[in-house]
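Asks: Let me begin by handing over the structure; questions about it come next.
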């Protein structure tokens, strides 16, 4: 097995010594960096001069740049590639298309280096060894036994597909961790919770120091994941905010609800849900991100499809380097009221109340139209449970016209393997 120090040495050598300076800059930003206007101005100038889509705009201020999204870029991808870059020589990243829009972006060498440095910085920020052992749990698809073996040999990464998909028993996964102390357990939050729940219910004991950090990705973490992580390993879980298009945008600190933005790599805005105006200080809105590094395919004012808000201090000071109340895509937002007086609700308002019900292992709430819902539940069927869930809806959303309950052994996941907790089937907001 290749050791941590050797992997570190190899990574530094492969980047000709450039990895550590980038990692140090990103880590400093995570620990208290502020927005970097010079980088934002530089990438905008480059885009206005070299990228067809932006060049046609002429001289504009940053705030007047159009907000772009997956659908727009996918429809005219060549328009977003900078002059002088050969697509065949660029790194390509692909999203799963789980939201209905599969998407490919292209990254130059500087962006690839930035991403690698960001990985190192993120793991150090959460107190982990970037070159140490990793338990990585997600939907791995067609990963072969040989590929798994190579991952363990070269990276010391253990690929695990979750308690419902991976044939290996949870006890064997714990055994691997015990043989590789100081590990990071990372992956889809629901997969981590399922594995930890299996260990907890079986009474399995994990020696202190076996898991140094737990990092959830792609899905919100339930309060029970926090409880399990502290009970099993004595650490608080962290959450990562990232996407395939841009990379690691932010990571939570000890307070799992507060995300520290990598301001050395990204410029983040919070815009109103229904317009491109900045949201009021501390108000939730669309998370719009500018990548400060990728000159091959600059993404300026890119609408991530997610909602969140900047942190406001107790003194009322807006902190643009930290995000909170990050939610899934806007199509997951619950709509309340009626056709004449519609209103939007943050999904977390229902998420938080529902996760306090211990009988529920998994859930999904689907909204078919205003006032019409279905709860999909992995839980013992119970009239009392249904009454409590109906009460949650009526408390948060208001009176509902119709509410169904469906009980399943496993709440379905998306094609990507992620579990979507809120699904709004209303095509357009009234």
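Asks: Considering each residue of region 156-176, count those that are under 21 Å from the mean Cα position of the chain (by Cα) and surrounded by fewer than 16 Cβ atoms within 10 Å (Cβ to Cβ), and give that number.
Replies: Number of matching residues: 0.
Asks: Same structure, new question: Condition first: under 25 Å from residue 108 (Cα atoms) and buried (at least 20 other Cβ atoms within 10 Å of the Cβ). Can you find one or more residues in region 225-240 that meet it? Show your work before the answer.
Replies: We begin by selecting, within region 225-240, every residue under 25 Å from residue 108 (Cα atoms); these are 240.
Imposing the further condition that a residue be buried (at least 20 other Cβ atoms within 10 Å of the Cβ) reduces the set to none.
No - not one qualifying residue is present in region 225-240.
Asks: So residue 79 ticks every box in (1) in a helix (DSSP H, G or I); (2) on the phi > 0 side of the Ramachandran plot but one. Which box is left unticked?
Replies: For residue 79, the failing item is (2).
Asks: Residues 63, 73: which one is at pLDDT below 95 and either under 16 Å from residue 288 (Cβ atoms) or part of a helix (DSSP H, G or I) (or both)?
Replies: 73
Asks: So if I check each of 195, 135, 153, 143, which one is modelled with pLDDT of 90 or more and either farther than 16 Å from residue 229 by Cβ or over 19 Å from the mean Cα position of the chain (by Cα) (or both)? Can you show your working first?
Replies: Values: 135 fails: either farther than 16 Å from residue 229 by Cβ or over 19 Å from the mean Cα position of the chain (by Cα) (or both); 153 fails: modelled with pLDDT of 90 or more; 143 fails: modelled with pLDDT of 90 or more.
Only one candidate passes the filter, namely 195.
Asks: Which one of these does residue 221 not meet: (1) part of a loop (DSSP other than H, G, I, E, B); (2) farther than 17 Å from residue 185 by Cβ; (3) touching a residue at least 24 places away in the same chain (Cβ under 8 Å)?
Replies: It fails just one condition, (2).
Asks: Can you tell me which condition residue 1 does not meet? The list is (1) modelled with pLDDT under 90; (2) outside any helix (DSSP H, G or I); (3) touching a strand residue (DSSP E or B) at 6+ places or on another chain (Cβ under 9 Å), and all the others hold.
Replies: Residue 1 satisfies all of (1) modelled with pLDDT under 90; (2) outside any helix (DSSP H, G or I); (3) touching a strand residue (DSSP E or B) at 6+ places or on another chain (Cβ under 9 Å) except (3).
Asks: Would you please list the contacts, defined by Cβ atoms under 8 Å and residues six or more apart or on different chains, that run from a residue in region 166-192 that is on the phi > 0 side of the Ramachandran plot to a residue that is assigned to a loop (DSSP other than H, G, I, E, B) and at pLDDT below 90?
Replies: 187/138
Asks: Still on this structure, please answer the following. Restricting attention to region 4-53, which residues are within 27 Å of the chain's Cα centre (by Cα), closer than 15 Å to residue 110 by Cα and not in a helix (DSSP H, G or I)?
Replies: 15, 18
Asks: Could you please let me know if residue 12 is surrounded by 18 or more Cβ atoms within 10 Å (Cβ to Cβ) and in the same structural domain as residue 153 (by TED's automatic domain parsing)?
Replies: Numbers: surrounded by 18 or more Cβ atoms within 10 Å (Cβ to Cβ): no; in the same structural domain as residue 153 (by TED's automatic domain parsing): yes.
In short, no.
Asks: Of these, 262, 255, which one is out of contact with any strand residue (DSSP E or B) (no Cβ under 6 Å at 6 or more places or on another chain), crowded, with 20+ Cβ neighbours inside 10 Å and farther than 26 Å from residue 364 by Cβ?
Replies: Working: 255 fails: crowded, with 20+ Cβ neighbours inside 10 Å.
One residue alone meets the criteria, 262.
Asks: Follow-up question, since we're still on this one. Name every residue in region 60-89 that is under 25 Å from the mean Cα position of the chain (by Cα) and surrounded by 14 or more Cβ atoms within 10 Å (Cβ to Cβ), in order of residue number. So that I can check it myself, show each step before the final result.
Replies: The initial filter retains those residues of region 60-89 that are under 25 Å from the mean Cα position of the chain (by Cα), namely 66-75, 77, 80.
Answer for region 60-89, where residues must be under 25 Å from the mean Cα position of the chain (by Cα) and surrounded by 14 or more Cβ atoms within 10 Å (Cβ to Cβ): 67, 68, 69, 70, 72, 73, 74, 77, 80.
Asks: Mind listing whichever residues of region 104-158 are over 27 Å from residue 16 (Cα atoms), in contact with a strand residue (DSSP E or B) (Cβ under 6 Å, 6 or more places away or on another chain) and outside any loop (DSSP other than H, G, I, E, B)?
Replies: Listed by number, the residues that qualify are 104, 135, 136, 137, 148, 158.
Asks: In addition: Could you check region 362-392 and list, in sequence order, the residues that are in a strand (DSSP E or B), farther than 14 Å from residue 404 by Cβ and free of Cβ contacts under 8 Å to residues at least 60 places away in the same chain?
Replies: Looking only at region 362-392, we keep the residues that are in a strand (DSSP E or B), and these are 362-369, 372-378.
Going one step further and asking which of them are farther than 14 Å from residue 404 by Cβ, we end up with 362, 378.
The one that is in a strand (DSSP E or B), farther than 14 Å from residue 404 by Cβ and free of Cβ contacts under 8 Å to residues at least 60 places away in the same chain: 378.
Asks: Sticking with this structure for a sec: Residue under question is residue 214, and the condition is that it be crowded, with 20+ Cβ neighbours inside 10 Å, assigned by TED's automatic domain parsing to the domain that holds residue 114, closer than 30 Å to residue 267 by Cα and touching a residue at least 40 places away in the same chain (Cβ under 8 Å); does it hold?
Replies: Working: crowded, with 20+ Cβ neighbours inside 10 Å: yes; assigned by TED's automatic domain parsing to the domain that holds residue 114: yes; closer than 30 Å to residue 267 by Cα: yes; touching a residue at least 40 places away in the same chain (Cβ under 8 Å): no.
It is false that residue 214 is crowded, with 20+ Cβ neighbours inside 10 Å, assigned by TED's automatic domain parsing to the domain that holds residue 114, closer than 30 Å to residue 267 by Cα and touching a residue at least 40 places away in the same chain (Cβ under 8 Å).
Residues are listed down the side, and each one gets a yes or a no for (1) touching a helix residue (DSSP H, G or I) at 6+ places or on another chain (Cβ under 9 Å); (2) outside the structural domain of residue 158 (by TED's automatic domain parsing):
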{"residue": "22", "(1), (2)": "yes, no"}
{"residue": "26", "(1), (2)": "yes, no"}
{"residue": "45", "(1), (2)": "no, yes"}
{"residue": "48", "(1), (2)": "yes, yes"}
{"residue": "79", "(1), (2)": "yes, yes"}
{"residue": "82", "(1), (2)": "yes, yes"}
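The values are calculated or read from the model by the stated rules, or taken from the named source; none is laboratory data. Given the structure is predicted, the values throughout are model-derived calculations rather than measurements. Neighbour counts run over all protein chains shown; Cβ positions are idealised from the backbone, glycine included.
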